[in-house]
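Trainee: Before I ask anything, here is the structure I am working with.
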Amino acid sequence: MKRFDELTEQEILALAISLEEEDARIYDSFAQGLRDHQPAEAAKFERMREEENGHRHRLLELYRARFGERLPYLRRQDVKGFVTRRPVWLVRPLGLKAAQRTAETMELETKKYYESAARRTTDAGIRQLLGDLAAEERRHAQTAEAMGRPVAGQEETDAAAQKRLFVLQVVQPGLAGLMDGSVSTLAPLFAAAFATHSSKETFLVGLAASLGAGISMGFAEALSDDGSLTGRGRPLIRGVVCGLMTTAGGIGHTLPFLIADVQTATAIAVAVVAVELAVIAWIRNHYMDTPLLSAIFQVVLGGILVFLTGIVIGVS
């Protein structure tokens with residue numbers, strides 16, 4: 001993957017064209033998915049699609065004037081720093097809340113890209129166009145945020161929208177770490193409990209698994225995105241948050257094994273796991289727009305499978 005600061009002016013424009021093409025297609029899918037039950041909101045996405053197509057045409061005209069007809073193939077996923085998006089536009093029936101949040105994130109991310117690219121370019125024409133497009137993407141983000149709300153609530157500031165983006169993209173690594181730590185440490189912990197029948201040895205295994213998972217997740221998060229395009233903050237801070245939450249997720253059901261009686265410790269640990277899985281399901285529903293029943297099924301099923309894996313290995 002290329003870093004943002006490695007892009008040439010030609011590649012900056014080529015990537016901008018690719019972004020506008022992709023966003024227009026996504027908005028077309030949103031409009032189709034909402035047309036039957038939310039026709040007014042579908043019409044807004046149709047207007048946003050047309051405006052994105054207009055942005056693409058302006059970018060193409062400037063690109064031809066500067067660099068000719070050959071357009072390098074450069075996509076969002078080829079440049080480090082963009083957020084990976086869940087394909088909610090493929091889901092039917094499409095929920096307005098999921099579409100609205102996805103659109104808001106898309107527009108704020110594209111605005112951030114245009115602002116960063118405009119600061120880097122030395123071509124006055126490119127700089128002017130990118131600055132104009134950044135302002136228009138900011139307006140799109142406000143339009144997306146206001147969808148489904150009363151008219152009186154559509155005057156929220158860009159700062160408030162940026163705050164929601166921060167919660168979604170900076171707090172989320174911590175939540176991802178909590179989920180990973182809570183589930184991934186179940187197998188080694190309970191395998192040790194059933195194999196050794198010793199609280200002390202089980203505690204040490206759980207502690208090692210929790211710390212190891214925390215270090216691994218922390219490094220993975222810190223290296224995944226430098227924050228130059230997404231505004232997700234410093235990689236070091238995100239890595240530390242993710243690592244600490246991963247460790248906390250594993251430590252929760254490890255601490256009961258400080259109790260000397262292994263059967264009592266195991267029973268308490270199982271109860272703690274049940275609480276952890278319930279909390280994770282709520283987090284997925286509240287922060288990630290996952291339907292509650294679906295979140296419960298995914299998290300509980302995954303947790304049970306990992307838990308049973310540990311037991312089977314421990315008693316074998």
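Trainee: So the check is Cβ under 6 Å with 6+ separation or different chains; which pairs have a first residue in region 245-266 that's crowded, with 16+ Cβ neighbours inside 10 Å and a second one that's of a type in the set (Val, Ile, Thr) and in a helix (DSSP H, G or I)?
Mentor: Between residues of region 245-266 that are crowded, with 16+ Cβ neighbours inside 10 Å and residues that are of a type in the set (Val, Ile, Thr) and in a helix (DSSP H, G or I), the close pairs are Gly252/Val272; His253/Val272; His253/Val273; Pro256/Ile268; Phe257/Thr202.
Trainee: Can I ask one more? Starting from region 125-140, keep only residues that are assigned by TED's automatic domain parsing to the domain that holds Ala99, then list their pairs with residues that are assigned to a helix (DSSP H, G or I) and among the hydroxyl-bearing types (Ser, Thr, Tyr) whose Cβ atoms are within a distance under 7 Å, requiring at least 6 positions of separation or different chains.
Mentor: Between residues of region 125-140 that are assigned by TED's automatic domain parsing to the domain that holds Ala99 and residues that are assigned to a helix (DSSP H, G or I) and among the hydroxyl-bearing types (Ser, Thr, Tyr), the close pairs are Leu130/Tyr114; Leu133/Tyr114; Ala134/Tyr114; Glu137/Thr110; Glu137/Tyr114.
Trainee: Any idea which of (1) closer than 17 Å to Ala117 by Cβ; (2) not in a loop (DSSP other than H, G, I, E, B) is the one Met48 doesn't satisfy?
Mentor: Every listed condition holds for Met48 apart from (1).
Trainee: Go through (1) at pLDDT 90 or above; (2) under 25 Å from the mean Cα position of the chain (by Cα) for Ile280 and report which single condition fails.
Mentor: All conditions are met except number (1).
Trainee: For region 39-76, name all the residues that are surrounded by fewer than 14 Cβ atoms within 10 Å (Cβ to Cβ), of a type in the set (D, E, K, R) and closer than 21 Å to Met1 by Cα.
Mentor: Selection gives Arg75 alone.
Trainee: Looking at (1) assigned to a loop (DSSP other than H, G, I, E, B); (2) surrounded by fewer than 19 Cβ atoms within 10 Å (Cβ to Cβ), which is the only condition His286 fails?
Mentor: (1)
Trainee: I'd like the full set of residues that are in a helix (DSSP H, G or I) and surrounded by fewer than 20 Cβ atoms within 10 Å (Cβ to Cβ), limited to region 77-101.
Mentor: Selection gives Gln77, Asp78, Val88, Leu90, Leu96, Lys97, Ala98.
Trainee: Sort through Gly249, Gly239 and tell me the only one that's closer than 30 Å to Arg119 by Cα and part of a helix (DSSP H, G or I).
Mentor: Gly239
Trainee: Of all residues in region 62-84 being under 17 Å from Lys112 (Cβ atoms) and among the aliphatic types (A, V, I, L, M), which is farthest from the chain's Cα centre (by Cα)?
Mentor: Among those residues, the one meeting the criterion is Val79.
Trainee: Would you say Ala40 is out of contact with any helix residue (DSSP H, G or I) (no Cβ under 8 Å at 6 or more places or on another chain) and at pLDDT below 95? Break it down stepwise before answering.
Mentor: Values: out of contact with any helix residue (DSSP H, G or I) (no Cβ under 8 Å at 6 or more places or on another chain): yes; at pLDDT below 95: yes.
So Ala40 passes the test.
The values are calculated or read from the model by the stated rules, or taken from the named source; none is laboratory data. Since the structure is predicted, the reported quantities are computational estimates derived from the model, not experimental observations. Heads up, the Cβs are rebuilt from the backbone with ideal geometry, glycines too, and the neighbour counts pull from every protein chain shown.
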